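Asks: After the structure tokens below, expect a handful of questions from me.
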Amino acid sequence: MKTLLFISFLLPACFAQAQTEINPKIKPDRDKKFVATELNRKFPVYKKVASDIWSYAELGFLETQSTERLQGVLRGEGFVIKTGVSEIPTAFLATYGSGGPVIGILAEFDALPGLSQDSVPIRKIKVEGGPGHACGHHLFGTASVAAAVTLKDWLIKNQKAGTVKLFGTPAEEGGSAKVYMVRDGLFDDVDVVLHWHPSSANDASPQSCLSIKQTIFKFYGKSAHAAAAPQAGRSALDGLEAMNYMVNLMREHVPQETRIHYVINKGGLAANVVPDYAEAEYMVRHPDARMVEEIWNRIVKAAEGAASGTETTMKYEVISGSFNLVPNETLARLMYNNLKTVGGVNYTPEEVAFGKKIQSTLTFKVPPLESATEVQPFKTGGFFPASTDVGDITWVVPTAGLGTATWVPGVPAHSWQAVATGGSSIGFRAMNNAAKIIAMTAIDIFNNPSVIGKAKKELADYVGPDFKYQSMIGDRKPPLDFRKGKQ
């Protein structure tokens, strides 16, 4: 790993000139060399943190070891920790500094069910049916903590006023902890928010995404002997299947950008017993949150009709719901400039061999391995067809995010290949890049606070004067048992 310490981090001349023209007293090359040097020096420490969280692989709202690992680092660095925020035991808020600007940084750390995998380029399950970090949140949380600590050190070194707030946000993969934190006003005093996400490419362009609403539909019937007394039974599974059939017919009559997906969680225990309980998890997505609500209401009607027709009873529980991302070009350009400064990941010969083996397991055309070194061009109007609970934050605070090539080019999220690469040296080195970019972007804002006003105006123009935030989850409490039994 010693080769990591000799990467050059000199700023492009044009970028350095642009920054000093904004404020001649700023010496961005000095500040950003400090960031690079500190994060390279502490890289073994943060690699160990990320590796530990990768091995814990804890599901949403159950991330007890993962949250303690991150909190321990921050507590040791002098951050004031508030735990269990928004009635979520694994959520936390870590604060350092005083006065403004106040910069928030997001840290995720939950895994996904059923994707256990070793850090090798072949399918090798570590725990049968166990979870795995197939979305790289072990890297996400660690890099964000590393950036926050580096900013703390920079504030001390330069005797600067300002506050760093690290938000430990559980359960992004269903549960949407950030929505509860926004609803509870935890972001009300934050000027800007910075975040990142593991990816198979390096990109900091402003993007939007799909809004989403997640619901558990529960059907209750009457059990009976399926052969001897079928007339005495009312099948909860019949009700659920009738609902699924109607929703599948509905797919022909929704806007083409819509995504509706479901899984049957429970459908009975024995074929000769009429099921008295059945359950399905549904997700509805669309770029516009209002359309999500409209389609979701139609699905509820289908569930009600199915229950009526099968003489069963239906109840539903909204698990989560989040808005689409509001892109902020002002902040995105700052972040993009720092991505260009840091660059991508140059593979070692061992990593090239690892990457080629990973790519050989994919059944579609993949980009060349060399693309991991490239930075994607900056472009506006971007969109990706997935969802994130970061979306709600972007409607109330100017926010910017990026992706770094933690996965071998072409590897999709939520795959065993993502778990394997995220646990390898490739993932850890790209994590280090992300920490540098977040810290450098925050320093740009600390050095030039006027950018905050521009970013806030851009957000205000987007949401409009009449916008008032109201979450899609209503007044429900966090579904802390949502992933229990799947660990």
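The values are calculated or read from the model by the stated rules, or taken from the named source; none is laboratory data. Everything quoted here is computed from the prediction, not taken from an experiment. Here Cβ is always computed from backbone atoms with ideal geometry, including for glycine, and neighbour counts include all displayed protein chains.
Asks: Out of the residues in the range 468-487 that are over 19 Å from Asp184 (Cβ atoms) and either of a type in the set (Phe, Trp, Tyr) or exposed (fewer than 10 other Cβ atoms within 10 Å of the Cβ) (or both), state the one that is nearest to the chain's Cα centre (by Cα).
Replies: Asp481
Asks: Further, regarding this structure: List, please: which pairs have Cβ atoms under 7 Å, are six or more places apart or on different chains, and start with a residue in the range 283-307 that is of a type in the set (Phe, Trp, Tyr) and end with one that is crowded, with 23+ Cβ neighbours inside 10 Å?
Replies: Trp296/Lys213; Trp296/Val284
Asks: State all residues of the range 459-479 that are more than 19 Å from Val292 (Cα to Cα) and without any contact (Cβ under 8 Å) to a residue 24 or more places away in the chain; if no residue qualifies, say none.
Replies: Answer for the range 459-479, where residues must be more than 19 Å from Val292 (Cα to Cα) and without any contact (Cβ under 8 Å) to a residue 24 or more places away in the chain: Ala460, Asp461, Gly464, Pro465, Asp466.
Asks: Write out, first by first residue and then by second, each pair whose Cβ atoms fall under 7 Å of each other, whose residues are 6+ apart or on separate chains, and whose first residue, in the range 416-432, is at pLDDT 95 or above while the second is among the β-branched types (Val, Ile, Thr) and part of a helix (DSSP H, G or I).
Replies: The qualifying pairs are Gln417/Ile358; Ala420/Ile358; Thr421/Ile358; Gly427/Thr421; Met431/Thr142.
Asks: How many of the residues making up the range 199-229 are under 30 Å from Ser322 (Cα atoms) and in a loop (DSSP other than H, G, I, E, B)?
Replies: The number of residues fulfilling the criteria is 7.
A quick yes/no check of all residues on (1) touching a Pro at 6+ places or on another chain (Cβ under 7 Å); (2) more than 27 Å from Gly114 (Cα to Cα):
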site: Pro409; (1), (2): yes, no
site: Pro412; (1), (2): no, no
site: Ser415; (1), (2): no, no
site: Gly422; (1), (2): yes, no
site: Ala430; (1), (2): no, no
site: Lys436; (1), (2): no, yes
site: Met440; (1), (2): no, yes
site: Asn448; (1), (2): no, yes
site: Ile452; (1), (2): yes, yes
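Asks: If you check Gly355, Gly422, Gly410, Gly381, which single one turns out to be touching a strand residue (DSSP E or B) at 6+ places or on another chain (Cβ under 8 Å) and not hydrophobic (A, V, I, L, M, F, W, C)?
Replies: Gly422
Asks: Another one. When you check Val352 against the structure, is it free of Cβ contacts under 8 Å to residues at least 40 places away in the same chain, surrounded by fewer than 20 Cβ atoms within 10 Å (Cβ to Cβ) and not basic (Lys, Arg), yes or no?
Replies: yes
Here's the yes/no breakdown for (1) farther than 30 Å from Lys152 by Cα; (2) surrounded by fewer than 23 Cβ atoms within 10 Å (Cβ to Cβ):
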position: Pro412; (1), (2): yes, yes
position: Ser415; (1), (2): yes, yes
position: Ile426; (1), (2): no, no
position: Asn432; (1), (2): no, no
position: Ile437; (1), (2): no, no
position: Met440; (1), (2): no, no
position: Ile443; (1), (2): no, no
position: Asn448; (1), (2): no, yes
position: Gly464; (1), (2): yes, yes
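Asks: Which members of the range 262-279 meet the condition of being closer than 26 Å to Gly114 by Cα and in contact (Cβ under 8 Å) with a residue 24 or more places away in the chain?
Replies: Answer for the range 262-279, where residues must be closer than 26 Å to Gly114 by Cα and in contact (Cβ under 8 Å) with a residue 24 or more places away in the chain: Ile264, Asn265, Gly267, Gly268, Ala271, Pro275, Tyr277, Ala278, Glu279.
Asks: Right, here's the next one. Does Thr150 fit the bill of being polar (S, T, N, Q), part of a helix (DSSP H, G or I), in contact with a helix residue (DSSP H, G or I) (Cβ under 9 Å, 6 or more places away or on another chain) and buried (at least 22 other Cβ atoms within 10 Å of the Cβ)?
Replies: yes
Asks: To continue, here is another question. I'm checking my understanding of the structure. Among residues of the range 369-387 that are in contact with a Leu (Cβ under 7 Å, 6 or more places away or on another chain) and either at pLDDT 95 or above or farther than 21 Å from Leu459 by Cβ (or both), which one is surrounded by the fewest Cβ atoms within 10 Å (Cβ to Cβ)?
Replies: The qualifying residue surrounded by the fewest Cβ atoms within 10 Å (Cβ to Cβ) is Pro385.
Asks: For the range 29-50, what are the residues that are buried (at least 19 other Cβ atoms within 10 Å of the Cβ) and of a type in the set (S, T, N, Q)?
Replies: none
Asks: Here's another thing I want to ask about it. Among the numbered conditions (1) in a strand (DSSP E or B); (2) buried (at least 24 other Cβ atoms within 10 Å of the Cβ), tell me where Ala171 comes up short.
Replies: Result: Ala171 passes all but (1).
Asks: Criterion first (under 23 Å from the mean Cα position of the chain (by Cα) and either crowded, with 17+ Cβ neighbours inside 10 Å or outside the structural domain of Ile438 (by TED's automatic domain parsing) (or both)) does Val366 satisfy it?
Replies: So Val366 fails the test.
Asks: Restricting to the range 90-103, name every residue that is under 22 Å from the mean Cα position of the chain (by Cα) and either closer than 17 Å to Arg75 by Cα or basic (Lys, Arg) (or both).
Replies: Across the range 90-103, the qualifying residues are Thr90, Ala91, Phe92, Leu93, Ala94, Thr95.
Asks: Among the listed residues Val193, Val120, identify the single one that is within 22 Å of Lys32 (Cβ to Cβ) and either buried (at least 24 other Cβ atoms within 10 Å of the Cβ) or touching a residue at least 40 places away in the same chain (Cβ under 8 Å) (or both).
Replies: The match here is Val193.
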